[in-house]
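Trainee: Questions regarding the structure given below will be posed in turn.
The values are calculated or read from the model by the stated rules, or taken from the named source; none is laboratory data. As the structure is a computational prediction, the values presented were derived from the model and not from experiment. A quick note on method: Cβ atoms are made from the backbone with ideal geometry, for glycine too, and the neighbour counts reach across all protein chains shown.
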Amino acid sequence: MQLDLSGRHALVCGASQGIGRASAIELAELGASVTLLARSADALKIVAENLPRKHAAQRHDWRSVDMLDTASLQAIASGIAASEPVHILINNSGGPPGGPAHAATPAAFETAFRQHLLAGQTLLQALLPGMRASGYGRIVNVISTSVKEPIVGLGVSNTVRAAVAGWAKTLSGELAADGITVNNVLPGYTRTGRLDGLLAAKAAASSQTEDAIAQDLIATIPARRFGEASEVAAVIAFLCTPAAAYVNGVSIAVDGGRTRALS
């Protein structure tokens, strides 16, 4: 099975922690040169310095940017692509705050839309010429199982994640002939800062402890445990390899079997 990514350049968003950082590590292990993107310069520098290097030509770098700053994101992405074509794009960004959809302000939807869909479109347009020229492109969007089953209490997230899934499915049909695949990975409950925040918020809004709430969530997962960021990253990395060239336009849940939907 061809899993070697030597000679490929990956841009990983949200790479300072959690699933983004784990994805950068997996891609580097497969031989890709990795450029990290996130807001925290200090954290990115540490991650970049500690990424695996499997061969002499492998180089790792980082750029600090806020995904809500569309103009800066476009400038940085164009600069990266001009320096070295990007073959792999991992769209990954923190989820919107919780709360019911009917109570969310229009501004909350606008912010989430800019952070997720508009950021993805901005990156796509900056990187697409290089992917087309090389005849190789892998775009993986890290979204949510809510695109199959909306999650109670995450109204804004449910809405915007579904928009990203629709965008990705459309792109998968438009770009496949150029050797570019577009897929989504849907993490379930995964041990990250995002999960810690959700547990804390649920505990604050109830009389239960965070541990009790965690156990209630685990009871809904057939695997009877939370996932690890490295487990999600392994699926993301596989979708970026030559072996996954015929996997296109799909949304893959990595959730221990929690999602009940058939498709």
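Trainee: Before we move on, is residue 140 within 19 Å of residue 88 (Cα to Cα) and either aromatic (Phe, Trp, Tyr) or touching a Cys at 6+ places or on another chain (Cβ under 7 Å) (or both)? Give the derivation first.
Mentor: Details: within 19 Å of residue 88 (Cα to Cα): yes; either aromatic (Phe, Trp, Tyr) or touching a Cys at 6+ places or on another chain (Cβ under 7 Å) (or both): yes.
Considered against the rule, which asks whether it is within 19 Å of residue 88 (Cα to Cα) and either aromatic (Phe, Trp, Tyr) or touching a Cys at 6+ places or on another chain (Cβ under 7 Å) (or both), residue 140 comes out as yes.
Trainee: Kindly indicate which of 160, 142, 182 is assigned by TED's automatic domain parsing to the domain that holds residue 69, touching a His at 6+ places or on another chain (Cβ under 6 Å), buried (at least 22 other Cβ atoms within 10 Å of the Cβ) and modelled with pLDDT of 95 or more. Give the derivation first.
Mentor: Working: 142 fails: touching a His at 6+ places or on another chain (Cβ under 6 Å); 182 fails: touching a His at 6+ places or on another chain (Cβ under 6 Å).
On inspection, the qualifying residue turns out to be 160.
Trainee: Across segment 5-44, what is the number of residues that are in contact (Cβ under 8 Å) with a residue 60 or more places away in the chain, on the phi > 0 side of the Ramachandran plot and surrounded by fewer than 22 Cβ atoms within 10 Å (Cβ to Cβ)?
Mentor: Residues in segment 5-44 being in contact (Cβ under 8 Å) with a residue 60 or more places away in the chain, on the phi > 0 side of the Ramachandran plot and surrounded by fewer than 22 Cβ atoms within 10 Å (Cβ to Cβ): 0 in total.
Trainee: Condition (residue is in a helix (DSSP H, G or I), touching a residue at least 60 places away in the same chain (Cβ under 8 Å) and of a type in the set (S, T, N, Q)) applied to segment 210-228: is it met by at least one residue? Before you say what the answer is, go through the steps one by one.
Mentor: Within segment 210-228, the subset in a helix (DSSP H, G or I) is 210-218.
Those left that are additionally touching a residue at least 60 places away in the same chain (Cβ under 8 Å): none.
Within segment 210-228, none of the residues are in a helix (DSSP H, G or I), touching a residue at least 60 places away in the same chain (Cβ under 8 Å) and of a type in the set (S, T, N, Q).
Trainee: Of the numbered conditions (1) closer than 26 Å to residue 1 by Cβ; (2) in contact with a Phe, Trp or Tyr (Cβ under 8 Å, 6 or more places away or on another chain); (3) not hydrophobic (A, V, I, L, M, F, W, C), residue 228 fails exactly one; give the number of that condition.
Mentor: Of (1) closer than 26 Å to residue 1 by Cβ; (2) in contact with a Phe, Trp or Tyr (Cβ under 8 Å, 6 or more places away or on another chain); (3) not hydrophobic (A, V, I, L, M, F, W, C), only one is false for residue 228: (2).
Trainee: So, one more: Considering only segment 232-243, I want to know if a residue exists there that is more than 15 Å from the chain's Cα centre (by Cα), closer than 23 Å to residue 3 by Cβ, small (Gly, Ala, Ser) and modelled with pLDDT of 95 or more.
Mentor: So far as segment 232-243 goes, yes, one or more of its residues are more than 15 Å from the chain's Cα centre (by Cα), closer than 23 Å to residue 3 by Cβ, small (Gly, Ala, Ser) and modelled with pLDDT of 95 or more.
Trainee: Could you please give the count of residues in segment 57-85 that are assigned to a loop (DSSP other than H, G, I, E, B) and either aliphatic (A, V, I, L, M) or under 14 Å from residue 11 (Cα atoms) (or both)?
Mentor: The first filter runs over segment 57-85 and keeps only residues assigned to a loop (DSSP other than H, G, I, E, B), leaving 57-59, 65-69, 84-85.
When the remaining residues are screened for being either aliphatic (A, V, I, L, M) or under 14 Å from residue 11 (Cα atoms) (or both), the result is 57-59, 65, 67-68, 84-85.
Of the residues in segment 57-85, 8 are assigned to a loop (DSSP other than H, G, I, E, B) and either aliphatic (A, V, I, L, M) or under 14 Å from residue 11 (Cα atoms) (or both).
Trainee: Output the residues belonging to segment 176-194 that are farther than 24 Å from residue 154 by Cβ and not in a helix (DSSP H, G or I). Give the steps one after another, and end with the answer.
Mentor: Our first condition is that a residue be farther than 24 Å from residue 154 by Cβ; within segment 176-194, this holds for 176-181.
Of everything in segment 176-194, those that are farther than 24 Å from residue 154 by Cβ and not in a helix (DSSP H, G or I) turn out to be 179, 180, 181.
Trainee: Got a sec? Which of 161, 191 is closer than 13 Å to residue 117 by Cβ and of a type in the set (Lys, Arg)? Don't jump to the end; show me each part of the working.
Mentor: Values: 191 fails: closer than 13 Å to residue 117 by Cβ.
That would be 161, the only listed residue that is closer than 13 Å to residue 117 by Cβ and of a type in the set (Lys, Arg).
Trainee: Give the residues of segment 88-111 that are modelled with pLDDT of 95 or more, under 26 Å from residue 199 (Cβ atoms) and within 15 Å of the chain's Cα centre (by Cα), sorted by residue number.
Mentor: 90, 91, 92
Trainee: While we're on this one: For segment 86-97, enumerate the residues that are in a loop (DSSP other than H, G, I, E, B) and crowded, with 18+ Cβ neighbours inside 10 Å.
Mentor: Here is the first cut: in segment 86-97, the residues in a loop (DSSP other than H, G, I, E, B) are 86-87, 92-97.
Passing the criteria: 86, 87, 92, 93, 94, 95, 96.
Trainee: In this structure, is residue 260 exposed (fewer than 13 other Cβ atoms within 10 Å of the Cβ) and in contact with a Gly (Cβ under 9 Å, 6 or more places away or on another chain)?
Mentor: On the way: exposed (fewer than 13 other Cβ atoms within 10 Å of the Cβ): yes; in contact with a Gly (Cβ under 9 Å, 6 or more places away or on another chain): no.
Judged against the criteria, residue 260 is not a match.
Trainee: Say we look at segment 164-207 and pick out the residues that are among the acidic types (Asp, Glu) and under 20 Å from residue 90 (Cα atoms); which of these is farthest from the chain's Cα centre (by Cα)?
Mentor: Filtering segment 164-207 down to residues among the acidic types (Asp, Glu) leaves 174, 178, 196.
Retained after the next criterion (residues that are under 20 Å from residue 90 (Cα atoms)): 174, 178.
Working: 174: 21, 178: 22 Å.
Looking at residues that are among the acidic types (Asp, Glu) and under 20 Å from residue 90 (Cα atoms), I get 178.
Trainee: Exactly one condition in (1) farther than 21 Å from residue 134 by Cβ; (2) touching a strand residue (DSSP E or B) at 6+ places or on another chain (Cβ under 7 Å); (3) among the small types (Gly, Ala, Ser) is not met by residue 23; state its number.
Mentor: Residue 23 satisfies all of (1) farther than 21 Å from residue 134 by Cβ; (2) touching a strand residue (DSSP E or B) at 6+ places or on another chain (Cβ under 7 Å); (3) among the small types (Gly, Ala, Ser) except (1).
Trainee: Which numbered condition in (1) touching a residue at least 24 places away in the same chain (Cβ under 8 Å); (2) part of a helix (DSSP H, G or I); (3) more than 20 Å from residue 258 (Cα to Cα) is the only one that residue 165 fails?
Mentor: For residue 165, the failing item is (3).
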